[in-house]
Amino acid sequence: MAVNLIVGNWKMNNDFVAAIHLTQQIGILARQADVSGVSLVVAPPTCDLRSVSSVIEADRLAIKIGAQHAYWEDGGAFTGETSIPMVKRLGCTFLIVGHSERRELFAMDDEAVAKTAMSALRHDVTPIVCVGESEEVRENGGHVEFVTAQVQAAVGGLTPAQRRDVVVAYEPIWAIGTGKVASVEQVAEMVAVIRSAWPDDAGDLTVLYGGSVKPENAAELAGTPGVDGFLVGGASLNAEQFVQIAVTAAKCYR
Ligand code: 13P
């Protein structure tokens, strides 16, 4: 079954003190609000995972944890990297895989995305596989082909049983951190493209949208056919905004 997820990608923001504070604020606001039916996930920097999982446990907050990135090997001579079993031990049940910033700035290619997704599944961690085209690709009319290829490269090597546990996030690069939100028509088209690129029946696939999601546009985006939730960047650093997005989405999905 598709699930409704509101995921906060904190990117490289918040040290462990700020991370604890933000997690507590989100947890308290979410407890007072009606977010029934949606799961809240935060993806802090790796060095904050221990603090965030401790505060969630101590305060019994209804928040799940994701890592923003991890390496596909379980251990060994990979200086600077963190493995999936390591982040899992710190409470992560989700892993963002192949965010466009990883792909563009850290040379993560389709093969690395596929290996990372496979490794996450092997460790019972849900991969949130990010796909999305650049402005240039869209202007040249290549977005459908580009995203189709990204989806197939990421999940083509998995078994149908493994693919049932994958979440996909459509994040057009031109909408990330720019305030330029994709239109309902654009999102609906690309979510349909992702579903038709899926090697199996995509009826139960969870697809998120990401790119300048804010409380003001959350209702329209959550109401877009095929969108099951959001991957939120900037607005996830503000507890009120993040919870408001979750409340708005929850209302749409009920
Ligand atoms: P913004 O919400 O800041 O546009 O970021 C989106 C994103 O990259 C989430 O992964």
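The values are calculated or read from the model by the stated rules, or taken from the named source; none is laboratory data. Because the structure is predicted, anything quoted here is derived from the model rather than measured. Note that each Cβ is placed from the backbone with ideal geometry, even for glycine, and that neighbours are counted across all protein chains shown. Ligands, DNA and RNA are stripped out before the accessible areas are found, and what is left, the full protein with its side chains, is counted by its heavy atoms. Shrake-Rupley method; radii C 1.70, N 1.55, O 1.52, S 1.80 Å.
Round to a whole angstrom and tell me the spacing of the C-alpha centers of segment 68-111 and segment 130-192.
So the two Cα centres are separated by 20 Å.
Which one of PRO85, PRO160, PRO172 has the biggest mean-square fluctuation once the chain is modelled by GNM with Cα springs under 10 Å?
PRO160
Identify, among ALA33, GLY8, MET118, the residue whose Cα sits farthest towards the positive end of the charge dipole of segment 1-146, taking +1 on the Cβ of Lys and Arg and -1 on the Cβ of Asp and Glu, with the dipole about the Cα centre.
Result: ALA33.
Just to verify a number: what accessible area does TRP198 come out at with the full protein assembly present, 1.4 Å probe, Å² rounded to tens?
20 Å²
Can you compute the helix-only [θ] at 222 nm over the chain? Use -39500 (n - 2.57) per DSSP H run of at least 4 residues, normalise by all residues, nearest 500 deg cm²/dmol.
After summing the helix terms and dividing by the residues of the chain, the value is -13000 deg cm²/dmol.
Extending each Cα 7 Å along its Cβ direction at ALA2 and GLU73, get the distance between those two points in nm, one decimal.
Simple spin-label model gives 3.9 nm for this pair.
With every protein chain left in place and a probe of 1.4 Å, what is the accessible surface of ASP109, to the nearest 10 Å²?
Accessible area of ASP109: about 80 Å².
Kindly write out, for segment 164-171 in residue order, the coupling ³J(HN,Hα) from the Karplus curve 6.51 cos²θ - 1.76 cosθ + 1.60 (θ = phi - 60°), rounded to whole Hz, with x marking Gly and Pro.
5, 9, 9, 10, 10, 10, 8, 10
Nearest 20 debye, what's the magnitude of the dipole of segment 107-254 about its Cα centre given +1 on Lys and Arg Cβ and -1 on Asp and Glu Cβ?
The dipole of segment 107-254 has a size of about 440 debye.
Size of the dipole of the chain about the Cα centre, Lys and Arg at +1 and Asp and Glu at -1 on the beta carbon, nothing else charged, in debye to 20?
Here the chain has a charge dipole of around 760 debye.
Quick one: accessible area per residue over segment 139-212, 1.4 Å probe, rounded to a whole number of Å²?
That works out to 42 Å² for each residue.
At 7 Å along the Cα-to-beta-carbon direction for both GLU139 and ASP34, put a label point, then send me their distance in nm to one decimal.
Reported label-point gap for GLU139 and ASP34 is 4.6 nm.
For the chain, modelled as a Gaussian network with Cα springs under 10 Å, which listed residue fluctuates most, ALA154, ALA188, ALA67?
ALA188
What is segment 123-252 by shape, rounded, prolate or oblate, if you read a ≥ b ≥ c off the alpha carbon gyration tensor as root eigenvalues and call it rounded for a/c under 1.5, prolate for a/b larger than b/c, and oblate otherwise?
oblate
Over what distance in Å are the Cα centres of segment 226-254 and segment 7-64 separated?
14 Å
Starting from the Cα of LYS214, draw a straight line to each of the lysines and keep only those under 24 Å, dropping any in the same chain fewer than 8 residues away.
Leaving aside lysines fewer than 8 places away in the same chain, those within reach of LYS214 are LYS11, LYS64, LYS180, LYS251.
What length, rounded to one decimal in nm, is gained on full extension from SER54 through to ALA107, with 0.36 nm per residue of separation minus their alpha-carbon distance?
15.8 nm
Just the accessible area per residue of segment 1-76, please: how many Å² with a 1.4 Å probe?
I get 48 Å² per residue for this part.
Take the solvent-accessible surface of the protein heavy atoms, probe 1.4 Å, and return the percent of it on the chain that carbon and sulfur atoms account for.
The computed percentage sits at 53.
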